[in-house]
Amino acid sequence: MQENLGSKRIVSIDIFRALVMFLMIFVNDFWTLSAVPEWLQHKDAFEDGIGFSDVIFPAFLFIVGLSIPFAIKSRRDKLQSNTTILKHVLKRAFALIIMGLFMVNFENINSEGMIINKDLWEIIMVFAIFLVWLNYKPFKVLEKNSIVLFQSTGVVLFIFLALLYQGGLATNVEWMKVHWWGILGLIGWAYLFNVIIYVYLGGKFFVLVIAFIVFQLLNVQEFFSATQTPFKLIVSASMHASVCAGMIIGRMLLNYQKINKTHLFITGSIIFAAVITVYGFALRPYWGGFSKIRATPSWISVCIGISALSFLIVYIIVDKFNFRIWAKPIKIAGINTLTCYVMPYLVYPIMIMTGTLYLPEGITNGNIGLLKSLLFSFAIIGIVWILNKLKIKLKI
């Protein structure tokens, strides 16, 4: 999505999304490396700390929320009803949840008893995703019946993969199940909850703040007592809080840029980032401190503060000072974000099957290894750039 406000395009939103996507691909490649510096890695579940990798996913959720006010405004400018908007949102959320479900089950696959190996299973999964959710509009030569045939083929492939699937241990084979919802699934659920709040409660600023506080309190109650069963909103309310925080910042930007008072947006963002960060550190002595794995309130609060401040810096550089050339190499990742996220699921199994994944230790170790992962991230974005030139991209 490209954010516009009248004639003023908010370029920083696309660039911030691209930057977060680039870093996500980068940190997700660490599994191919050895001797990665500790400060870059995810912290263990019961380790009190925040690694660089622990900040990336909350930033992605934040950018999802940041885009919502602009997306809803665009649809309302087209006179779309709340029902029409909700149908679109349900369709997008369902797509993300299905993709996330298959990706998570791939992580738990046991291919010993299957008629195909797990790498081929993964490749077919990506082809199914493209067949179902490819943006077919640029292909004018395709008739509607042809598009339906392609999409139906994708659905059949998903069913085929589900029927073949075996997970768990050889002595205890399991079928596909919700181990967790995966990155895309969590985004789908948090996106759905928050858009419903925004659309049906009017998107008013004070309503968003109240919703954010409620999500924070729900996150806190998840840790009150180990002897009680807490109420959870799809894994953790922390995910919804991240998206809601993005909506708050997005709504502020929408309001203040419209009346040409962006200095108030900058001030408001700094205050918001400072308050939520202080709140996060204040909660650190409780429930194990900072922990991404357990989604503690202190972790998500500090990450929200980092996300808000990071976006503000990008906004000032890109939209206030008009300095954008630095982001050109990764710009496509802010427009074709879903394609960028899915692409490694195709590239990795191809590299494994062709014997090109496991490189000499000197290339995958320490700082040289980090350079390799950076180049891998650029390579994925380059592939997506080429596909975009060929008008091949995912759209939900």
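What order do you get for 72-82, 237-247, 271-281 when each peptide is scored by the mean count of other beta carbon atoms within 10 Å, highest first? Numbers along the way, then the final one.
Working: 72-82: 13.7, 237-247: 29.3, 271-281: 17.0.
Final packing ranking: 237-247, 271-281, 72-82.
Take ALA162 and TRP385, extend 7 Å from each Cα along the Cα→Cβ direction, and tell me the distance between the two endpoints in nm.
3.9
Could you tell me which of rounded, prolate or oblate describes the chain, using a ≥ b ≥ c as the square roots of the eigenvalues of the alpha-carbon gyration tensor, with rounded for a/c under 1.5 and, failing that, prolate when a/b is larger than b/c and oblate otherwise?
Details: a/c = 1.39, a/b = 1.19, b/c = 1.16.
Because its axes are fairly even, with a/c under 1.5, the chain counts as rounded.
Against the 2.2 N^0.38 Å scaling, with N counting residues, where does the stretch 169-312 land? I'd like the Cα-based Rg ratio to two decimal places.
Numbers: Rg = 17.1 Å, N = 144, 2.2 N^0.38 = 14.5 Å.
So the stretch 169-312 has a normalised radius of gyration of 1.18.
Just to be sure I understand: with springs between alpha-carbon atoms less than 10 Å apart, which residue in SER373, SER111, SER291 has the highest mean-square fluctuation in the Gaussian network model of the chain?
Evaluated over the chain, the most mobile residue of the options is SER111.
Holding the Cα-Cα limit at 28 Å, pick out from LYS73/LYS292; LYS78/LYS258; LYS78/LYS391 the pairs that are longer than that. Don't jump to the answer; show the numbers that get you there.
Working: LYS73/LYS292 33 Å; LYS78/LYS258 18 Å; LYS78/LYS391 25 Å.
Long pairs (Cα-Cα over 28 Å): LYS73/LYS292.
If I build a Gaussian network model for the chain, linking alpha-carbon pairs within less than 10 angstrom, which residue out of ASN145, ASN219, ASN28 has the largest mean-square fluctuation?
Most flexible of the set in this elastic network: ASN145.
With n ≥ 4 as the cut-off for DSSP H runs, can you work out [θ] at 222 nm for the chain, using -39500 (n - 2.57) per run divided by the number of residues, rounded to the nearest 500? Walk me through the numbers before you get to the answer.
On the way: 14 runs with 251 residues, N = 396.
Here the helix-only value at 222 nm equals -21500 deg cm²/dmol.
According to the square roots a ≥ b ≥ c of the eigenvalues of the Cα gyration tensor, what is the shape class of the stretch 135-250, taking rounded for a/c under 1.5, prolate for a/b larger than b/c otherwise, and oblate for the remainder? Don't jump to the answer; show the numbers that get you there.
On the way: a/c = 4.20, a/b = 1.29, b/c = 3.25.
Taking the square roots of the gyration eigenvalues as a ≥ b ≥ c, the stretch 135-250 is oblate.
Hey, with R₀ at 45 Å, roughly what FRET efficiency would LYS78 and ASN172 work out to, going by the Cβ-Cβ distance, to 0.05?
Working: r = 52 Å, r/R0 = 1.16.
Efficiency computed from Cβ-Cβ geometry: 0.30.
Looking at the chain as a GNM with Cα springs under 10 Å, which of ILE317, ILE147, ILE259 has the largest mean-square fluctuation?
Of the options given, ILE259 has the highest mean-square fluctuation.
Mind ranking 95-101, 38-44 by how tightly packed they are, going by the mean number of other C-beta atoms within 10 angstrom, highest first? Could you put the intermediate results ahead of the total?
Details: 95-101: 22.4, 38-44: 14.4.
Highest-to-lowest ranking by the protection proxy: 95-101, 38-44.
If I model a spin label as a point 7 Å beyond the Cα along the Cα-Cβ vector, how far apart are those points for LEU201 and PHE94 in nm?
2.6
Scan around GLU174 for amide H atoms under 5 Å from its own, H built in the peptide plane at 1.01 Å from N, and keep only partners 5 or more places away or cross-chain.
The list, which skips near neighbours in sequence, is GLY167, GLY168, LEU169.
Given the options GLY289, HIS263, ASN135, identify the residue whose Cα lies farthest towards the positive end of the charge dipole of the chain (+1 on Cβ of Lys, Arg; -1 on Cβ of Asp, Glu).
Of the listed residues, the answer is HIS263.
Rule-based calculations on the coordinates, nothing more; no lab input. All figures in this text were calculated on a predicted structure; none of them were measured in a lab. Counting neighbours? That spans all protein chains shown, and the Cβs are built from the backbone with ideal geometry, glycine included.
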